[in-house]
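The structure under discussion appears below in the form of structure tokens.
Please treat every number below as a calculation from the coordinates, not as lab data. Since this is a predicted model, take the numbers as computed values, not measurements. Don't worry about glycine lacking a Cβ; one is built from the backbone with ideal geometry, like all the others, and counts go over all protein chains shown.
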Amino acid sequence: MLAPGTPQDPIQVIDVRDLSAWMLRMLNTRTTGYFNADSAPRAFTMGDLITASQQASPQAGTPSPGCQRHSSPRTGSPKSSICHPGPPSRVIRRP
């Protein structure tokens, strides 16, 4: 997994389902003004996000079927994975 910055970098998040429900309530009640619509500052870090992602998907570090691991010629350590997901999906256009 690639992530910007360091594990200690603060991030702010919001669930899009929560945001959309809140926005609809604000529209329905004709509420106006300026609002912060994300988590409290410094409540989460990039490291928290990475840890939660790893816990939610423990198999993420495992190559998928169709992936080939390639080793670095200098060190012999794993260098990259090449994945072949299969043929592209067909797009069906309707008139």
**Fill in**
Residues whose modelled amide H sits under 5 Å from the amide H of residue 45, counting only those 5 or more places away in sequence or on another chain, are 11
**Message:** Quick check on packing: order 14-20, 43-49 by the mean number of other C-beta atoms within 10 Å, highest mean leading.
**Reply:** 43-49, 14-20
